[in-house]
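> First the structure, which I've put down as structure tokens, then a few questions once you've had a look.
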Amino acid sequence: MIATAIGFLLNGRQVSLPPGTSPTTSLLDWLRGPGALPGTKEGCAEGDCGACTVVLEAGDGARTPINACLTLLGQVHGQAIRTVEGLRGADGSPHPIQRAMAESDGTQCGFCTPGIVMTAWAHAREGGEVHEALAGNLCRCTGYRPILDVFATLADDAAATPVLPAPQAACFEAPGQVFHRPVTLAALLALRAAHPQAWLLAGGTDLGLRVSDHRERPAEVICLLGVPELHALRAMPDGIEAGAAVPYARLLALFRQEPGFAPFATLLARLGSRQIRGLGTLGGNLGTASPIGDALPPLLALGASVTLASSRGTRVLAVADFLRGYRVNDLAPDEVVVSVSLPRPDPADIFVCEKISKRHDQDIATVGAAFRLRLASDRVAEAWLAFGGVGPMAARAKRAEAALAGRRLDADALEAAASALASDIAPLSDWRGTAAYRLMVAQGLLRRLHLRASRPDLPADVAGYDP
């Protein structure tokens with residue numbers, strides 16, 4: 001059987017939406033409209049401010065804060081969502097977190113408070129670094145000190161874990177729209193062959209902007225969230241294989257446990273916020289072929305590959321060959337990204353990931369970079385130098401790599417690589433930085449590589465917060 005009506009658990013109760021409901025309506029718009037739950041606020045409608053934070057409750061008890069403004073109704077089918085209204089007691093009394101926010105003067109105008117409360121509710125169970133947890137929630141009036149005081153008192157409320165239905169294939173239709181949600185890889189590939197123009201939707205942290213911000217109404221969508229193969233995540237002796245729909249949050253947790261991937265983990269902790277990382281995926285980053293893509297330079301530096309599949313078969317491409325140009329990749333009309341394979345760096349390799357942005361958190365990189373060097377007898381045997389934000393696509397700097405080949409890794413060698421880099425990249429000027437600034441930053445990151453390698457005792461940054 002194929003489900004034809006969108007259904008999900010909302011604050012512990014089953015909700016079934018009327019036939020013809022647009023599956024690409026944002027969860028935020030539905031909550032504040034037909035859902036009659038206006039506690040969830042709309043601030044930026046871009047996933048930056050956190051006012052729209054709700055929590056995705058998993059069957060294993062995990063709680064993931066997400067941005068309701070970027071989440072589409074078709075994505076939450078079969079899932080469990082908790083909003084701020086769902087925290088109150090049976091008698092209507094406030095949740096202990098809400099009471100603590102009020103008693104600690106953690107709210108003034110209150111606009112941001114529901115989103116912060118939901119982030120706190122998830123954090124009470126999931127734990128982790130407090131500043132990282134709050135990075136996706138902006139408060140413009142109270143300041144964070146009283147909010148941090150509240151977070152220091154959090155305790156899991158041991159609320160019941162939702163019982164979720166078994167995955168079921170679904171197809172939701174609305175005037176001028178069809179939204180497919182397959183639950184097998186074979187069904188996904190058949191749908192892709194039949195609908196090559198459809199949006200391929202996983203986390204939606206990029207495509208969701210086209211709905212929330214630009215008010216697009218796609219005619220066809222194929223949602224990838226129900227296909228088990230795309231959620232596989234395996235650590236192997238030679239590397240990590242991540243399904244295309246594995247969210248960054250799961251990948252980050254694994255990177256933090258796996259030898260050699262710590263630099264990538266530090267970078268991923270700055271990719272968006274917990275809300276973004278709870279849904280965003282590597283497969284989506286590759287599928288949209290972002291010219292910046294925080295995660296793309298490390299993939300290039302590691303020599304990662306991508307597995308593509310269609311009803312015709314499977315093929316594997318190096319990420320460097322998959323990315324073709326500005327927002328262009330090598331994905332055929334009938335293909336989907338199934339997984340990404342990340343080779344494990346050699347313990348002797350020098351592996352560094354960099355991100356330069358106007359803000360430490362919640363910002364797009366002005367310049368992104370990842371470097372991997374293999375030394376032999378104190379000389380550079382191989383170099384992988386990858387950059388994002390300095391051209392039409394993330395790419396390796398081949399001339400700069402050649403300038404390092406066979407040389408000792410000293411200041412002169414990195415200066416030669418920095419000079420050669422001017423022929424490798426072609427930055428543009430925009431509001432994040434001028435072309436000249438981007439070139440200067442990229443060259444500076446190469447020069448800093450010498451200090452990172454020769455003086456590991458020095459801090460990576462002069463000042464700033466590093467979780």
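The values are calculated or read from the model by the stated rules, or taken from the named source; none is laboratory data. What you see is a predicted model, and the numbers here were worked out from it, not measured in a lab. Positions of Cβ are generated from backbone atoms using ideal geometry, with glycine treated the same way; all protein chains shown enter the neighbour counts. Heads up: the accessible areas ignore ligands, DNA and RNA and are worked out on the full protein's heavy atoms, side chains in. Shrake-Rupley method; radii C 1.70, N 1.55, O 1.52, S 1.80 Å.
> Compute the relative contact order of segment 262-361 as a whole-number percentage, counting only Cα pairs closer than 8 Å that sit 6 or more residues apart in sequence.
33 percent
> Given charges of +1 on the Cβ of Lys and Arg and -1 on the Cβ of Asp and Glu, with all other atoms neutral, how large is the dipole of segment 294-367 about its Cα centre, in debye to the nearest 20?
Dipole of segment 294-367, to the nearest 20 debye: 140 debye.
> A follow-up question, please. Accessible area per residue for segment 1-226 in Å², computed with a 1.4 Å probe and the full protein assembly in place, what is it? Don't skip to the answer; put the middle values down first.
Working: 9480 Å² over 226 residues.
Heavy-atom accessible area per residue stands at 42 Å².
> Lys and Arg at +1, Asp and Glu at -1: add these up for the other residues within a Cβ distance under 10 Å of Ile240 and post the number. Present the calculation step by step, with values, prior to reporting the outcome.
Details: positive: Arg234, Arg344; negative: Asp238, Glu241, Glu258.
Surrounding charge for Ile240 is -1.
> About the Cα centre of segment 1-226, what is the dipole size in debye to 20, counting +1 per Lys and Arg Cβ and -1 per Asp and Glu Cβ, all else neutral?
Using Cβ point charges on Lys, Arg, Asp and Glu, segment 1-226 gives about 440 debye.
> How much length is gained on full extension from Arg88 to Thr434, taking 0.36 nm per residue of separation minus their Cα-Cα distance?
Values: separation 346, 0.36 × 346 = 124.56 nm, distance 4.95 nm.
Length difference between fully extended and current span is 119.6 nm.
> Along the charge dipole of the chain, pointing to its positive end and built from +1/-1 on Cβ of Lys, Arg, Asp and Glu, which listed residue (Gly106, Pro65, Ala442) has its Cα farthest out?
Ala442
> When Lys and Arg each count +1 and Asp and Glu each count -1, what net charge do the other residues less than 11 Å away from His450, Cβ to Cβ, add up to? Don't skip to the answer; put the middle values down first.
Working: positive: Arg408, Arg447, Arg448, Arg452, Arg455; negative: Asp410, Asp412, Glu415.
So the environment of His450 carries a net charge of +2.
> When ligands, DNA and RNA are left out and all protein chains stay put, how many square angstrom of accessible area per residue does segment 229-457 have with a 1.4 Å probe? Present the calculation step by step, with values, prior to reporting the outcome.
Numbers: 9150 Å² over 229 residues.
Here the per-residue accessible area is 40 Å².
> For segment 344-467, rounded, prolate or oblate, judged on the Cα gyration tensor with a ≥ b ≥ c (square roots of eigenvalues), a/c < 1.5 rounded, else prolate if a/b > b/c?
Verdict is oblate for segment 344-467.
> Right, something else. Could you work out the helix-only [θ] at 222 nm for the chain, with each DSSP H run of four or more residues adding -39,500 (n - 2.57) and the total divided by the number of residues, to the nearest 500 deg cm²/dmol?
Using -39500 (n - 2.57) per qualifying helix, the result is -7500 deg cm²/dmol.
> For segment 229-457, build the charge dipole from Cβ charges (+1 Lys, Arg; -1 Asp, Glu) around the Cα centre, then report which of Leu230, Phe264, Ala320 sits farthest towards its positive end.
So the residue furthest toward the plus end is Phe264.
> Compactness ratio of the chain: Cα Rg over 2.2 N^0.38 Å, N = residue count?
After normalising by residue count via 2.2 N^0.38 Å, the value is 1.00.
> Take the Cα of Ala186, step 7 Å along the line toward its Cβ, and report every residue of segment 309-349 whose backbone nitrogen sits under 15 Å from that point.
Output list for this probe position: 310-313.
> Treating only the Cβ of Lys, Arg, Asp and Glu as charged (+1, +1, -1, -1), what charge dipole size does the chain show about its Cα centre? Round to the nearest 20 debye.
It comes to approximately 520 debye.
> Further question on the same structure: Just the accessible area for Leu185, please: 1.4 Å probe, Å², rounded to the nearest 10?
40 Å²
> Using the Kirkwood radius over C-alpha pairs as Rh, can you work out the diffusion coefficient of segment 1-226 via Stokes-Einstein at 4 °C, viscosity 1.567 mPa s, in µm² per second?
This corresponds to a translational diffusion coefficient of 71 µm²/s.
> Apply the Karplus parameterisation 6.51 cos²θ - 1.76 cosθ + 1.60, with θ equal to phi minus 60°, to every residue of segment 295-308 and state each ³J(HN,Hα) to the nearest whole Hz, in sequence, with x for glycine and proline.
Per residue, the Karplus-derived 3J(HN,Hα) values read 7, 6, x, x, 4, 5, 5, 7, x, 5, 10, 10, 9, 10 Hz.
> Same structure again: Mark the label point 7 Å from the Cα of Arg447 along Cα→Cβ and return the residues of segment 381-422 whose backbone N is within less than 15 Å of it.
Hits in segment 381-422 for Arg447 at 15 Å: 410-422.
> Just going by the charge dipole of the chain, with Lys and Arg at +1 and Asp and Glu at -1 on Cβ, which of Trp30, Ala202, Ala418 is farthest out on the positive end?
Value computed over the given set: Ala418.
> Given 0.36 nm per residue, what is the gain on full extension from Ala235 to Leu317 after removing their alpha carbon distance, in nm?
Result: 27.5 nm gained on full extension.
> Where does segment 229-457 land on the Kirkwood hydrodynamic radius, alpha-carbon pairs, in angstrom?
17.8 Å
> Which percent of the accessible heavy-atom area of the chain goes to carbon and sulfur, probe 1.4 angstrom?
55 percent
> Taking Cα pairs under 8 Å and at least six residues apart, what relative contact order does the chain come out at, in percent?
On the way: 1012 pairs, mean separation 56.3, N = 467.
Value for the chain: 12 percent.
> If you don't mind, there's one more thing I want to ask. Tell me whether segment 266-345 comes out rounded, prolate or oblate; compute the Cα gyration tensor, take square roots of the eigenvalues as a ≥ b ≥ c, and use a/c under 1.5 as the rounded threshold.
Verdict is prolate for segment 266-345.
> Pulled fully out, how much extra length does the chain show between Glu216 and Ala166, if you take 0.36 nm times their separation in residues and subtract their Cα-Cα distance?
14.9 nm
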